[in-house]
Structure formats: C-alpha cells, structure tokens
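Enquirer: Mind having a look at this structure? Questions to follow.
Every number in this text was worked out from the coordinates using simple rules, so none of it is lab data. Here the structure is a predicted model, which is why all the values come from computation and not from measurement. Here the Cβ positions follow ideal geometry from the backbone for every residue, glycine too, while neighbour counts run over all protein chains shown.
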Amino acid sequence: MSTPPATAPVPPESTGPAGVPAARTGGTTDRTPPTAPETTAVGAVAAREVAAVDPVGGAARTTGELAETAAREATAQLARPAPVRLDDVVPAPERVTPDATADHLLTADTVIRVSAEPAALAVAEQLAALLRPATGYPLPVTDTAAPTPAGGIALDLTGDPDLGAEGYRLDVTRDGVRLTAGTAAGLHHGVQTLRQLLPADIESPTPVTRRWVLPGGSVLDRPRFPHRGAMLDVARHFFGVPDVLRVIDHLARYKLNRLHLHLTDDQGWRIAVDSWPGLSTVGGATEVGGGPGGYYTQADYRRIVAYAAARHITVVPEIDLPGHTNAALAAYPELAPDRTAPPPYTGTEVGFSYVDPAHERTYDFVADVLGELAALTPGQWLHIGGDEAFKVPADVYAAFVERVQRIVAGLGKTIVGWHQIAPAGHVDGRILQWWGTNGDDPQTADAVRRGARLILSPGNHAYLDMKYAPDTPIGHDWAGLVDVRRAYEWDPATHLTGVPTEAVLGVEAPLWTESVTNLAEIEFMLLPRLPAIAELGWSPRRAHDWDAFRRRLAGHGPRWTRAGITFHRAPEIPWPTDADIPAPRLPSEMQGRVPC
Ligand code: TNX
C-alpha cells in the first residue's frame, strides 16, 4: 500500500523543484488549509485504506470513526502545499491560474476516465502507463459513461474548438482533475503538463511511497508555432531503433511535434530502399571513425514512425541531395560524375561529394528513393537536404533542386530543404530550414517573398552539436559555443532580417553526430538545451524570461536523474543541491576523448 497509514507519521515533504524547501515553492504564502468534509471522495478513499492497514483491527472501529480519521488525514495531507507549483511547467503555458486551496491528491483508488474516442483512450492509457510505475497505483482507465464515483482524472475530447489543433485546458480541483482538448494531440500535451506537475519522483521506474499531489488551479495552453522539432543525424553515427524511440520520448515531454531524421550522408545510408538495395547494405556499412554503421529496415522505420505518431510527433525524413552522398556513390558508382566508386568515407569533412545532376539515371534514383520513402511516411513532409553541394555550379544546382521539388510535389508531399535551396524556383508549400548564423540572408528573404516558409535552426542558437563551453568533451564550435542561455535567448519570429513573422512555421534543434556516438552522449547534448528550444516554439513571446526559465528548468534535473536520463549539469542552471541529485553521469566513453 503506497499511501501512508493514518496512524503513521506523515513522511517529511521532499524539497521543491529547485531544491528549495517546499514551503517556498507552494505559490502564495497564504495557503489556508482546506477543511475536508467527511464525505469527500478523498476522505472515502482514505477510509478504505485506513481500514486495510489499521494495526489494531479496523473491524473494531465504526465507519464513522474511520471516516473521521480519514478526513483528518486528508486534511493534513492537503494542508501542505504541493511540491511543484502550477507555473513550474516547461515549456511555459499560455495561461496559468493557481488556486492554493485546490490541490488534488492522487490515491490508490484514482481512476482515469476518458471519453470513448479511440485516440483519447490511447492518451489515457499512456497517462496511466506513465503514472503507474512510481505510484504503484492501479489507475484503471474507464469510459466516462461507466458508473464510477466522480473525481479522479478525466480526459475529455469534446472540448473547446478555441484550443486549436494542439491546445488543452487542465483544471485541478480538490475533487478531481479534468483535461479538456479539441484533439488527441491536445490531450497528449496536457498529459505532459500533468506529469510535470507531480513530484519528480513520478519519474521513478519503481514505486515510491509518498504523497502524489497536483497543485490546484487551471492551465490554458496552446502552442505559439505549429512546427516544433528536433533533428537526429543517424548517418554520421548510426543509432538503433530503441535509441530513437527514447529520443522521441524526450521530444514528447517538451511538446515537440516533429522528428527530423537525417537518414543519409557521406558516412552512411540508413534506410533500406527495395529498388536500390545496395544503398543500405553497402552504403550503410560505415560511419564516422570506422564503426560498423547500420541501417533501418523498412519495418524498423515504420516502427519509429508509429511510435512517434502515438506521441503526436510526425517524422520528417531527409535524403540529403545532391551533396553529402558519398555512401550512395560507393554503392552505385553509376550516380557519380566520374562513374567511379569512391572509397567509403569515415571522416568529418563536408562538401566534396555529389550525385551527377547531368545524368538521367540520377533522377530515376531520386524518384525511386523518394517514392519508397513517401509511401512509408504518413507525414506531409519530405526533406531533400540541399546543403553544402560546394562542387555543383549554382545554375546546375538550382535546376537540380527544381526537378527534385517537382518529384516531391508529384508524390503529394511538401518539400523541406536547408536554406541553400532558396534560389530555386518556388513550389507550393515550400519550406526552408535556416541554419545560418548571421540572421541576414537576402536569398532566403527573397524566397520567402516568393512564398516559402521557414523553420528556424540558427547554428549559433539551435545547433545542439555545438559545445556548451570550451571544455565540453564532445561537439563542435564552428557556430560558437551554445550554452543554455544562448539556446534560449532569441526570438524565432524576428530572427531573420526581411522575414515576416507569418512566414515562420517554427523551430528545430538539430543534433549532428560526427562526435556523438551513443545514447548517453545524445542525451548529454540534448539536455538541458532541448527544453529551451521547445519553449521558444511553444510558449507565448511574453513568457520568455531567462531567469524564470532557468528556475523552472532546474526542477527537471531531478526528473531526468530519476528516469536515468543523462544531462549536462550546465552551471547557469540552479540545479537542486540535495544529496539525491548526483551530478549527471558522464558517459565513460566521453572521458579523455579528443573533441573534434
Ligand atoms: C553543417 S548544417 C552541416 C552538417 C554538419 C554540421 C556540423 C548543415 C545543413 N550541414 O553537414 O554535420 O554542420 O555542425
């Protein structure tokens, strides 16, 4: 039984999210202890638990006595503030209205009630799966129509259309919790908020005996931008399906909704293509540093896509063209300008390889590869790369991109490319991904005037392969050092000269992996910067405030620690100092490595 018996001393409250005493994190100082009427659901639940654990024999006590004890206990429990504040959430919600008298206690009898739609049911099951390990509570998921007592956690998909495609509303009262949204994606994002409002112990994979209190009040929340993504380069180093699924979990926590997979590059081709099998079997057998590489079968890729979709994340696959193609050329020399297979490449230079734009066979290759990928990808977008084709003359490059754009349009997909594709002609829906560092590029501004829209990944703010500091053991510094503050302090809406806010679809944090070799290193580079980029993408501009952000972010250290997630203990974040927050383990492989 996870709830302490009524006769036992109540365990001391843990510290708040930033390691400060909970009293300081409980919102207003004037938290009047609520008086619990004897007949509240909480009291009734506690009464059953008291009866079950009463060492002197519950049978000898009257129901009235039990209810009275239970009510006293519930009052005592709720009198102390919740250890997390309603406005501690990352990314910051649009509107938060705390109510210090409305904290809600989860109990072993809490039920998750959900409206009948399958998509909502799936979110409810995920919520239950997130909360069961640490609470040890059964948390059954039941139809709203079922004759269960009021209270518990209700997920309601019939909500307000004003909440849009991804918004939600969360109401926490003493008697129950209600999450409302117009879409399952909105419910999903609301669940991430709910999860963050519980103590950090909720991340424990095994039961923790403690009070599970949600801070009272309501949250109304909607994203600022529709595109909020991260990119994982699986080409420079290959990462297996379980690693990618774990990265998807990290994205979901922070309400990101796109996973851009950089599937091909000079050092490796990572997706099986039935019509060109050598791409993966030959082109996939290498990686930076000479490791074995690897590739996703189409079934693997489908699994990644489905896992992401279940978390309301769309996979955006990238086939980088015409440059960054050494692995493809090694497998199919007929695509090379000199029709000669180059040796496999395991270094970290860029810009030397390209498929022959003057050869018709190249367009068969592009159409076949993109055709298979489009069929495997339910999402709307195909990313065609387009960066650093240094050896292809500008006019030839533009003509190549235009032809590929037509192929993508013919497949019914929307094209995305790095901002180098700007000079090519416009096609409907075209999206450029900005990765420059100076915020001023007339060609990109011109493409926007012709109708293109933008995803912002400025190298000097959003590139998560940049080192945090000079002594960061892995990463690059060509775009400068990117500490958490630098990742956070910029505005996507006004970042690029000559580009109006309306053209900005959102943000994306790319993680290139020339120097990143395993999951712990991925997490070390993502966290804690990914939540910074997520907040820029989700939260209203007026919520952006470095000091408030770093305080809220600090509470995530204990969460990651409990979940076994590696992170960089960035010195500018006031991490909790209590003994159970050890310094994040640095992957042993990183010790003593020469950064590239
Ligand atoms: C530039 S950004 C690249 C990548 C490298 C990265 C390293 C972009 C579109 N191209 O090929 O991996 O720098 O930071």
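Enquirer: Hey, what did region 357-477 get for relative contact order, percent, Cα under 8 Å, at least 6 apart? The partial results should precede the final answer.
Expert: Working: 147 pairs, mean separation 22.6, N = 121.
Across region 357-477, relative contact order equals 19 percent.
Enquirer: Could you give P(r) for region 447-487, binned at 10 Å from zero, as whole percent values over all Cα-Cα pairs?
Expert: Going out from 0 Å in 10 Å bins, region 447-487 shows 31, 38, 18, 11, 1 percent.
Enquirer: Any idea what the dipole of region 89-142 comes to, in debye rounded to 20, about its Cα centre with Lys/Arg Cβ at +1 and Asp/Glu Cβ at -1?
Expert: Working: 3 positive and 6 negative charges, 20 e Å.
That gives a dipole near 100 debye.
Enquirer: Under 22 Å from the Cα of Lys413, which lysines turn up, not counting those fewer than eight places away in the same chain?
Expert: The reachable lysines, counting only those whose Cα sits under 22 Å from Lys413, number zero.
Enquirer: Here is a further query. Viscosity 1.567 mPa s, temperature 4 °C: what is the translational diffusion coefficient of region 153-276 from Stokes-Einstein with a Kirkwood Rh over Cα pairs, rounded to a whole number of µm²/s?
Expert: Values: Rh = 17.0 Å.
Diffusion coefficient, whole number: 76 µm²/s.
Enquirer: Any chance you could check the Cα centroid distance between region 432-472 and region 90-149 for me, in angstrom?
Expert: 39
Enquirer: From the phi of every residue in region 553-559, what ³J(HN,Hα) in whole Hz does the Karplus formula 6.51 cos²θ - 1.76 cosθ + 1.60 yield, where θ is phi - 60° and glycine or proline is x?
Expert: Result, rounded to whole Hz: 5, 3, x, 7, x, x, 5.
Enquirer: Please give me the summed charge of the neighbours of Ser275: other residues whose Cβ is under 11 Å from its Cβ, Lys and Arg +1, Asp and Glu -1. Write down the numbers at each step before the final one.
Expert: Details: positive: none; negative: Asp274, Asp364, Asp368, Glu372.
Once positives and negatives cancel, what remains is -4.
Enquirer: Defining a contact as two alpha carbons under 8 Å apart and six or more residues distant in sequence, what relative contact order in percent does region 414-519 show? All intermediate terms of the calculation are to be shown ahead of the outcome.
Expert: Details: 184 pairs, mean separation 27.7, N = 106.
The normalised contact order for region 414-519 reaches 26 percent.
Enquirer: Give, as a single signed number, the net charge of other residues whose beta carbon lies under 13 Å from the beta carbon of Asp446, with Lys and Arg counted +1 and Asp and Glu -1. All intermediate terms of the calculation are to be shown ahead of the outcome.
Expert: Working: positive: Arg430, Arg449, Arg450; negative: Asp440, Asp441.
Combined, the nearby Lys, Arg, Asp and Glu give +1.
Enquirer: Right, something else. Quick one: Debye curve from the C-alpha atoms of region 321-406, no solvent, what's log10 I(q)/I(0) at q = 0.17, 0.18, 0.25 Å⁻¹?
Expert: -0.71, -0.80, -1.36
Enquirer: Okay, next question. Setting aside same-chain residues fewer than 8 positions from Lys255, which lysines have a Cα under 23 Å from its Cα?
Expert: none
Enquirer: Tell me which residues come under 5 Å, amide H to amide H, from Trp212 once H is placed; ignore anything under 5 positions away on its chain.
Expert: For Trp212, whose amide H was placed from the backbone, the distant partners under 5 Å are Leu106.
Enquirer: To check my understanding: the extent here is largest minus smallest coordinate of the Cα atoms along each principal axis. What are those three numbers for region 388-433, in Å, largest first?
Expert: The Cα atoms of region 388-433 stretch 30, 19, 14 Å along their principal axes.
Enquirer: Assigning unit charges at the beta carbon (Lys, Arg +1; Asp, Glu -1) and nothing else, what dipole magnitude in debye, to the nearest 20, does region 123-279 show about its Cα centre? All intermediate terms of the calculation are to be shown ahead of the outcome.
Expert: Numbers: 16 positive and 17 negative charges, 84 e Å.
Value, rounded to 20: 400 debye.
Enquirer: Which whole-Hz ³J(HN,Hα) couplings does region 536-547 yield from phi under the Karplus relation 6.51 cos²θ - 1.76 cosθ + 1.60, θ = phi - 60°, glycine and proline marked x?
Expert: Using θ = phi - 60°, the values come out as 5, x, 9, 7, x, 3, 5, 7, 6, 7, 4, 5 Hz.
Enquirer: If amide hydrogens are placed 1.01 Å from N in the peptide plane, which non-local residues have theirs closer than 5 Å to the one on Met466?
Expert: Here the answer is His476, since their amide H atoms fall under 5 Å of that of Met466.
Enquirer: So, in Å, what gap is there between the alpha-carbon centers of region 166-202 and region 400-417?
Expert: 39
Enquirer: Over all directions, what mean area does the Cα convex hull of region 246-394 project, stated in square nanometres?
Expert: On the way: hull surface 36.2 nm².
Dividing the Cα hull surface by four gives the mean projection, 9.0 nm².
Enquirer: Over all alpha-carbon pairs of region 382-525, lay out the pair-distance distribution in 5 Å bins, whole %, shortest bin first.
Expert: Final binned percentages: 2, 10, 18, 19, 17, 15, 10, 6, 1, 0.
Enquirer: Around Gln405, under 13 Å between beta carbons, what's the net of Lys plus Arg minus Asp minus Glu among the other residues? Please list the in-between numbers first.
Expert: Details: positive: Arg403, Arg406, Lys413, Arg430, Arg450; negative: Glu402, Asp428.
Its environment carries a net charge of +3.
Enquirer: When Rg is the radius of gyration of the Cα atoms in region 80-197 and Rh is its Kirkwood radius, what does Rg/Rh come to? Walk me through the numbers before you get to the answer.
Expert: Working: Rg = 13.4 Å, Rh = 14.4 Å.
The Rg/Rh ratio comes out at 0.93.
Enquirer: Ok, one more. Can you give me the long-range amide H partners of Trp269? Hydrogens built in the peptide plane at 1.01 Å from N, cutoff under 5 Å, separation of 5 or more residues or another chain.
Expert: Close amide H contacts, sequence-distant or interchain: Gly284, Ala285, Thr286.
Enquirer: Using the Karplus curve 6.51 cos²θ - 1.76 cosθ + 1.60 with θ = phi - 60°, work out ³J(HN,Hα) for each residue of region 95-100 in order, rounded to whole Hz, and write x for Gly and Pro.
Expert: Values, residue by residue: 9, 10, 10, x, 9, 5 Hz.
Enquirer: Taking 0.36 nm per residue of sequence separation and subtracting the Cα-Cα distance, how much length would be gained by fully extending the chain between Asp477 and Thr437, in nm to one decimal?
Expert: On the way: separation 40, 0.36 × 40 = 14.40 nm, distance 1.21 nm.
Stretched fully, the Asp477-Thr437 segment lengthens by 13.2 nm.
Enquirer: Let me ask something else about it. In whole Å and largest first, what semi-axes does the C-alpha gyration tensor of region 164-209 yield when each eigenvalue is scaled by 5 and square-rooted? Please report the intermediate quantities before stating the final value.
Expert: Numbers: eigenvalues 108, 37, 10 Å².
Semi-axes, largest first: 23, 14, 7 Å.
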